[in-house]
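The values are calculated or read from the model by the stated rules, or taken from the named source; none is laboratory data. Being a predicted model, the structure only gives us computed values, none of them experimental. In this analysis, Cβ positions are derived from the backbone assuming ideal geometry, glycine residues included, and neighbour counts consider all displayed protein chains. The area values use the complete protein model at the heavy-atom level, side chains included, leaving out ligands, DNA and RNA. Shrake-Rupley method; radii C 1.70, N 1.55, O 1.52, S 1.80 Å.
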Amino acid sequence: MTYPKTERTLVIIKPDGIQRTLIGEIIKRYERVGIKLVAIKMLLPTEEKVEKHYLLDPSWKKNVGEKSIASYEKKGITPPSTDPIAVGNMVVEKLKKYFTCGPVIAMVWEGAHVVEVVRKITGGTEPRSTDVGTIRGDFVLDSYIMADTDDRAIRNLIHASGTVDESAAEIALWFTPNEIIEYSLIQEQILYDVNIDGVLE
Ligand code: GDP
Ligand code: MG
C-alpha cells in the first residue's frame, strides 16, 4: 500500500480574492499545512475558458443545478426552473461573468491527499454556512440567498478541484506541462521519510 504524495490539485483565487487583497493569506493557509506549490500564474480568464473549466466534468452541471434547486426550495422560493440542467446553465452564465471581471491567480499544489486537504482548508461552497477556520468561513459571508437575490454567482474567493480525476483535467486546462516545476522541499524529509535522521550533527 502506498500513499499519493505527488497528488496534485488546481486552486484558483477568484477575482474577489484578489480584490479583497487576500492573496498572501490564502497562499499561507495552504502552505502551512505542508503541501508544495508547483505552479502559479496571474491571468485574465476568457468566458470560453471558464465554460470549458466547469464543463470538464459531464455531471457537474446537473449536480450544481440540483444543489441550487435544493437551496431555493429550502428557502421556500420557487426555483427559476425545475430542470437541473437548465439551472446548471444559469450558474455557468453567472460564473462566466464572475471569473472574467478581473485577474485571477491559478496554482497547482502537490502533496499527500492534497485534493481532500485543500478542500478541507477551503471550506464549503456557501461561505455563510461553512465552518469557521476554513478560508471561505473566515474571510467572506456570501450566501445562496444573497447570490440568488442579486442574480450572480456566490462569491467564495477560491476554486479548488473536487476530486483527483477532476484535478488532472483542470490542471491540463490551465497549465502546460512545462509551467509545472518538479523540485524538492527540505521539509519533505520530515513529512514523508520513514526515518528522521540527519537532524543531529
Ligand atoms: P465549489 O466546488 O464549492 O466551488 O462549488 P461548485 O463546483 O458546486 O460550484 C462552482 C461555483 O459556482 C461555486 O464556487 C459558486 O461560486 C457558484 N455556485 C455554485 N452553486 C451556486 C448556486 O446555487 N447559486 C449561485 N448563484 N452560484 C453558485
Ligand atoms: Mg466544484
Practice prompt. For region 101-138, name all the residues that are out of contact with any helix residue (DSSP H, G or I) (no Cβ under 7 Å at 6 or more places or on another chain), farther than 12 Å from T9 by Cα and either at pLDDT below 95 or more than 13 Å from ligand 1 (Cβ to nearest atom) (or both).
Written response: G133, D138
Worksheet, complete the sentence: Being under 26 Å from G24 (Cα atoms), in contact with a strand residue (DSSP E or B) (Cβ under 6 Å, 6 or more places away or on another chain) and outside any helix (DSSP H, G or I) narrows I154, I171, I186, I181 down to just I181
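Let's see how each residue does on (1) modelled with pLDDT under 95; (2) more than 20 Å from I190 (Cα to Cα); (3) open to solvent by 50 Å² or more (accessible area, probe 1.4 Å):
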{"site": "L10", "(1), (2), (3)": "no, yes, no"}
{"site": "I18", "(1), (2), (3)": "no, yes, no"}
{"site": "K28", "(1), (2), (3)": "no, no, yes"}
{"site": "V38", "(1), (2), (3)": "no, no, no"}
Worksheet item: Regarding K120, is this residue without any contact (Cβ under 8 Å) to a residue 60 or more places away in the chain and either within 14 Å of ligand 2 (Cβ to nearest atom) or at negative phi (or both)?
Response: yes
Worksheet entry | Members of region 8-22 that are in contact (Cβ under 8 Å) with a residue 40 or more places away in the chain and either farther than 22 Å from L56 by Cα or in contact with a Gly (Cβ under 7 Å, 6 or more places away or on another chain) (or both) | P15, D16, G17, I18, Q19, R20, L22
Worksheet entry | For S143: the one exception among (1) open to solvent by less than 60 Å² (accessible area, probe 1.4 Å); (2) under 20 Å from V114 (Cβ atoms) | (2)
Worksheet, complete the sentence: Conditions (1) within 10 Å of ligand 1 (Cβ to nearest atom); (2) under 19 Å from V11 (Cα atoms); (3) not charged (D, E, K, R) -> M146 fails only (2)
Practice prompt. Return a yes/no flag: does region 61-79 have any residue that is at pLDDT 95 or above, hydroxyl-bearing (S, T, Y), under 30 Å from V132 (Cβ atoms) and within 14 Å of ligand 2 (Cβ to nearest atom).
Written response: no
Worksheet item: Quick one: which of I181, I190, I154, I171 is under 15 Å from the mean Cα position of the chain (by Cα) and within 16 Å of T6 (Cα to Cα)?
Response: I171
Discussion item. Looking at S167 and the list (1) of a type in the set (S, T, N, Q); (2) open to solvent by 40 Å² or more (accessible area, probe 1.4 Å); (3) within 13 Å of M107 (Cα to Cα), which single condition is not satisfied?
Written reply: (2)
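From the list K62, K52, exactly one residue is in contact with a Leu (Cβ under 8 Å, 6 or more places away or on another chain) and of a type in the set (D, E, K, R). Which is it? Even if it seems obvious, please write down each step before you answer.
Numbers: K62 fails: in contact with a Leu (Cβ under 8 Å, 6 or more places away or on another chain).
Matching residue, one of K62, K52: K52.
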Worksheet item: Say we look at region 44-93 and pick out the residues that are part of a helix (DSSP H, G or I) and acidic (D, E); which of these is most open to solvent (accessible area, probe 1.4 Å)?
Response: E48
